[in-house]
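Colleague: One structure, as structure tokens, below. Some questions next.
Nothing in this text is a laboratory measurement; each read-out follows from the coordinates by a stated rule. Bear in mind the structure is a predicted one, so any value in this text is a computation, not a measurement. Cβ coordinates were reconstructed from backbone atoms using ideal geometry, including for glycine residues, and neighbour counts include every protein chain displayed.
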Amino acid sequence: MIGALDSLLLLALLAIPLSWLLATSRWGRWLLVAGYVTQFGLLVTMVSGSSPPSAVSFSLLGNDVGWQLDPLGWLFAMITIGAAGFAATYASGEWSETHAAHGGSLRWLYGGLQINVLA
């Protein structure tokens with residue numbers, strides 16, 4: 001069974017190619033904002049303090065390597081996803097049309113935001 005932490009990872013990975021496909025249309029940009037809201041909501045469900053470890057793990061030089069979200073990591077994930085969601089919401093309006101008219105790439109903007117969230 002897939003846990004909340006793995007779902008968060010999958011949503012962030014899926015949103016990178018989606019940002020390339022959807023960033024050029026107005027409704028697509030709002031769908032990307034909905035993706036940030038979904039990620040934020042999923043992170044809020046893990047507020048219990050002790051999130052289960054991720055199912056993604058491997059062995060490296062005889063040591064088990066995996067990841068788990070502690071309370072400090074949870075706080076910084078909230079800040080990162082919240083800031084990216086706010087920036088994506090702001091960029092979904094008139095600003096994106098002006099940015100694109102001056103030669104800016106909305107695909108790079110939304111893709112960069114999502115790569116930052118994934119990192």
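Colleague: Per-residue ellipticity at 222 nm for the chain, helices alone: DSSP H runs ≥ 4 residues times -39500 (n - 2.57), over residue total, nearest 500 deg cm²/dmol? Please list the in-between numbers first.
Modeller: On the way: 5 runs with 81 residues, N = 119.
Only helices count here, giving -22500 deg cm²/dmol.
Colleague: In vacuo Debye scattering of the stretch 1-114, one point per C-alpha: log10 I(q)/I(0) at q = 0.23 Å⁻¹?
Modeller: Log10 of I(q)/I(0), two decimals: -1.21.
Colleague: If Lys and Arg each add +1 and Asp and Glu each add -1, what is the summed charge of the other residues whose beta carbon sits under 15 Å from the beta carbon of residue 58? Intermediate values should be presented prior to the final figure.
Modeller: Details: positive: none; negative: 6, 64.
Neighbour charge sum, excluding residue 58 itself: -2.
Colleague: Which ³J(HN,Hα) values in Hz, rounded to whole numbers, follow from the phi angles of the stretch 55-67 under the Karplus curve 6.51 cos²θ - 1.76 cosθ + 1.60, where θ = phi - 60° and Gly and Pro get x?
Modeller: Along the stretch 55-67, the couplings run 6, 7, 8, 7, 10, 10, 6, x, 10, 6, 10, x, 8 Hz.
Colleague: What is the angle, in °, between the Cα long axis of helix 26-45 and the longest principal axis of the Cα atoms in the chain? Nearest 10 is fine, range 0 to 90.
Modeller: 20 degrees
Colleague: Quick one: Karplus J couplings for the stretch 90-95, per residue in order, coefficients 6.51, -1.76, 1.60, θ = phi - 60°, nearest Hz, x for Gly and Pro?
Modeller: 4, 6, 6, x, 5, 4
Colleague: Now, a different point. Mind listing P(r) for the stretch 10-58? All alpha-carbon pairs, 10 Å bins, whole percents.
Modeller: 22, 41, 26, 11, 0
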